[in-house]
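The values are calculated or read from the model by the stated rules, or taken from the named source; none is laboratory data. These figures come from a predicted structure and were not determined experimentally. Cβ atoms come from the backbone with ideal geometry, glycine included; neighbour counts cover every protein chain shown. Heavy atoms of the whole protein, side chains included, go into the accessibility calculation; ligands, DNA and RNA do not. Shrake-Rupley method; radii C 1.70, N 1.55, O 1.52, S 1.80 Å.
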Amino acid sequence: MVDFSVVFDHTDSLLSGLWMTTWVSLLSIGIGFVLGAILCLGRMSPRGWLRNVCAVYISLLRGTPLLVQLAIVFYFLPLAGIDIPSIAAAIIALSMNTAAFQSEILRGGFQMIPAGQREAAWSFGYSPLQRLYFIELPQVVRRTIPSLVNETIDIIKNSALISTIAVTDLMRIVQTYSSTTYRPIEFFVAAGLLYLLLTSCISLLGRYIESRLTTH
Amino acid sequence: MSTNTQRAIKLVDLKKSFGDNQVLKGIDLDVNYGQVVCIIGGSGSGKSTMLRCINFLEQYDGGEVLVSGKLIGYNSDAQGNLSSLPTRVVQQDLTDVCMVFQQFNLWPHMTVLENVMSPLLRVRRLSKKEACEKALAVLSKVGMEHKQDAYPGQLSGGQQQRVAIARSLGMDPKIMLFDEPTSALDPELVGEVLKVMQSLAQEGMTMVIVTHEMGFAAQVSDQVVFLANGRIAEQGEPNRLFNEPQTDQLKSFLSTWSERNGSML
Ligand SMILES: Nc1ncnc2c1ncn2[C@@H]1O[C@H](COP(=O)(O)OP(=O)(O)O)[C@@H](O)[C@H]1O
Ligand SMILES: [Mg+2]
């Protein structure tokens, strides 16, 4: 018999798991955006070696499973004498992973800007930083918001993997209760609904921001 | 004043190649302050490249570009060895030069007013109030102040080009370069842009204009330059040049043009 009352007995724990999933994912997205922007600039740099380093980093992180990346960060950092809590390992791995994806999204945004706009900025005497900040970034952010929202949703869903390194996120809590209560169906359906709730909020927020930024 | 400093622009044996393709094969040109010079020539003859070398959007690889007597892009030491100048310095040396592009190159995320104000705020470092006043003044000069809150994407091509001209005028340029400013426009919108340019010419603005509008060139220019294969094939007063072309190249260029556009001027 399917009976969801057992789920409601553990509402508090589930919500705390949801909260953990939310802030770890969003923090990683934020850090990943900054790293991704830096990677993206490196990828477009006039210096060949820098372009190559960034390209290699991006292929490595896009071409291997997130689970492998998590395990490497989680098990290798202690070996290197760096002792950090598993949450920190999770955030590092997620940020490094999403940075690679976000940098490619951002690069696509930069490439959509016609060269003439940069030339105009140059002729008017803008410095490279001014051009980046006043001319390019605002357009890149506007144009890449839909893709960045998708990436955020991906990271929220993929963050379920951090349960494997003992972070008590939503997935971990659901797994624990489903085995102690022998009610996997109820708990996994509940987990699915909570993830859906979170990703839907992000979608709506993204659409709202997009509508505020649309110029014509 | 030396003769050098009276010249707005002086090109000496200007050369530019893209790989093996030598596009400018030695251009000599003098433009005085207050003069309007139109550059005509077939597609691919090097008109844009020449203009772009003047404000260093292309690095030239031979000869000299002098603006108000100052060598642009390079520093020449006592022995005459050239070294590249830092970008900042080149931009500084080109403060008096503004370029108007075929594709307008307005910044689409800014309103008309913001487009014109932006360089005044970021480069000229005017206060918001001063920048706004200046921007409105130049916008009304091109008849676009009523669209100050529109975004470029909401305007016709002719209106965008007038805003682009206003954005340049805000910087108080002494020299304006135009690269086919009306070529991207629907025919019925060409006139409004030419009118603005004509009034600038009457006010004594120094202008170098790449154009296919021969009627306009004949009307406003002090000097017309005909470019062919990266060289100046012929140059002179518009009357003489259009009515008594000397070279075969110019003759055939003009006759092709009049076949396509009906009568000559
Ligand atoms: N960035 C570039 N790279 C390579 N070739 C170029 C570049 N810009 C222009 N050219 C070449 O230079 C020649 C002259 O171009 P351009 O100055 O644009 O001619 P015009 O403006 O007279 O039509 C053309 O053959 C063109 O292919
Ligand atoms: Mg051209």
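Out of all DSSP beta bridges in segment B:133-246, what portion is antiparallel? Express it as a percent rounded to 5.
On the way: 5 of 10 bridges.
Percentage antiparallel, nearest 5: 50.
Computed from backbone phi with θ = phi - 60° and the Karplus coefficients 6.51, -1.76 and 1.60, the 3J(HN,Hα) list for segment B:143-150 is x, 10, 5, 6, 10, 4, 9, 7 Hz; x is used for glycine and proline.
Taking the longest Cα principal axis of chain A as reference, the axis of helix A:48-63 is set at about 20 degrees.
Evaluate Rg over Rh across the protein assembly as shown, taking Cα atoms for both radii and Kirkwood's formula for Rh.
Numbers: Rg = 30.2 Å, Rh = 26.6 Å.
Taking Rg over the Kirkwood Rh, I get 1.14.
Count the DSSP beta bridges whose two residues both fall in the protein assembly as shown, then state the antiparallel fraction as a percent rounded to the nearest 5. Display every interim value, and only then the final one.
Details: 24 of 42 bridges.
The antiparallel fraction comes to roughly 55 percent.
Would you grab the residues whose amide H sits under 5 Å from the one on B:TYR33? Only those 5+ places off in sequence or on another chain, please, with H modelled 1.01 Å from N. Excluding prolines and chain starts, which carry no amide H, the hits are B:ALA8.
Computed over chain A, the per-residue total of -39500 (n - 2.57) for DSSP H runs of n ≥ 4 gives a 222 nm mean residue ellipticity of -26000 deg cm²/dmol, rounded to 500.
Secondary-structure-derived ellipticity at 222 nm for chain B, considering helices only, amounts to -11000 deg cm²/dmol, per-run term -39500 (n - 2.57) for DSSP H runs with n ≥ 4. With 5 Å bins beginning at zero, the pair-distance distribution over Cα atoms of segment A:5-213 amounts to 1, 7, 13, 15, 16, 14, 11, 9, 6, 4, 2, 1, 1, 0 %. The angle separating the long axis of helix A:137-158 from the principal Cα axis of greatest extent in chain A is about 20 degrees. The accessible-area ordering, largest first, of the residues B:ILE232, A:ILE135 stands as B:ILE232, A:ILE135, per a 1.4 angstrom probe. Of the residues A:LEU148, A:THR214, B:SER127, the one whose Cα sits farthest towards the positive end of the charge dipole of the protein assembly as shown is B:SER127 (charges of +1 on Lys and Arg Cβ, -1 on Asp and Glu Cβ, taken about the Cα centre). Here is the interface size for A with B: some 2100 Å² of accessible area buried, both sides summed, with a 1.4 Å probe. Charged side chains reduced to their Cβ positions (Lys and Arg at +1, Asp and Glu at -1) give the protein assembly as shown a dipole of some 520 debye around its Cα centre. The simple spin-label model puts a point 7 Å past each Cα toward its Cβ; for A:ALA71 and A:THR214 those points are separated by 4.5 nm. Rounded to the nearest Å, what's the spacing between the alpha carbon centres of segment B:153-197 and segment A:166-196? Just the number, please. So the two Cα centres are separated by 63 Å.
Solvent-accessible area of chain A (1.4 angstrom probe, protein heavy atoms only): carbon and sulfur portion equals 69 percent.
Under the 0.36 nm per residue contour assumption, what length would be gained going from the current alpha-carbon distance of A:ARG62 and A:THR11 to full extension? Provide the component values of the computation, followed by the final result.
Values: separation 51, 0.36 × 51 = 18.36 nm, distance 3.58 nm.
Separation in residues times 0.36 nm, less the Cα-Cα distance, equals 14.8 nm.
Looking at the P(r) of chain B, how many percent of alpha-carbon pairs lie beyond 34 Å?
Values: 6709 of 34980 pairs.
I get 19 percent for the Cα pairs in chain B exceeding 34 Å.
Taking the Cα centre of chain A as origin and assigning +1 to Lys and Arg Cβ atoms and -1 to Asp and Glu Cβ atoms, the resulting dipole is close to 900 debye.
Close amide H partners of B:MET99, meaning residues 5 or more places away or on another chain with modelled amide H under 5 Å apart, are B:LEU177.
Given a cut-off of 25 Å, name the pairs among B:LYS10/B:LYS47; B:LYS128/B:LYS195; B:LYS70/B:LYS134 whose C-alpha atoms lie farther apart than that in the structure shown.
Working: B:LYS10/B:LYS47 16 Å; B:LYS128/B:LYS195 30 Å; B:LYS70/B:LYS134 28 Å.
Over 25 Å apart, Cα to Cα: B:LYS128/B:LYS195; B:LYS70/B:LYS134.
If one takes the longest principal axis of the Cα atoms in chain A, at what angle in degrees, from 0 to 90 and to the nearest 10, does the Cα axis of helix A:170-181 lie? So the helix axis and the longest Cα principal axis differ by about 10 degrees.
With r as the distance between the Cβ atoms of B:SER156 and B:SER258 and R0 = 30 Å, compute the FRET efficiency 1/(1 + (r/R0)^6) and round to 0.05. In this case the efficiency is close to 0.60.
For segment B:77-102, accessible area lost to neighbouring protein chains reaches 20 Å² or more, against the chain alone with a 1.4 Å probe, at B:THR87, B:GLN91, B:PHE101. Just which residues of segment B:116-156 lose 30 Å² or more accessible area with every protein chain there, against their chain alone, with the probe set to 1.4 Å? Residues meeting the cut-off: B:ARG122, B:VAL123, B:TYR151.
So for chain B: antiparallel DSSP bridges make up what percent, rounded to the nearest 5? List each step's numbers first, then the result.
Details: 24 of 42 bridges.
Beta bridges within chain B, antiparallel portion: roughly 55 percent.
List the residues of segment A:89-128 that lose 50 Å² or more of accessible area once all protein chains are present, compared with their chain alone (1.4 Å probe, heavy atoms only, no ligands or nucleic acids). So the qualifying set is A:GLN117, A:GLU119, A:TRP122, A:SER123, A:PHE124, A:TYR126.
Phi-derived couplings, Karplus 6.51 cos²θ - 1.76 cosθ + 1.60 at θ = phi - 60°, listed residue by residue for segment B:56-62: 6, 6, 10, 7, 7, 10, x Hz, with x used for Gly and Pro. For segment A:1-80 and segment B:61-114, compute the distance between their C-alpha centroids and round to whole Å. Computed from Cα coordinates, the inter-centre distance equals 44 Å.
With the simple spin-label model, which puts each label point 7 Å out from Cα in the Cβ direction, the A:LEU50 to A:LEU129 separation comes to 1.4 nm. Around the amide H of B:GLU234, modelled in the peptide plane, lie the amide H atoms of B:PHE226, all under 5 Å away and 5 or more residues distant in sequence or on another chain. Solvent exposure of segment A:5-213, expressed per residue, is 50 Å² of accessible area, with all protein chains present and a 1.4 angstrom probe.
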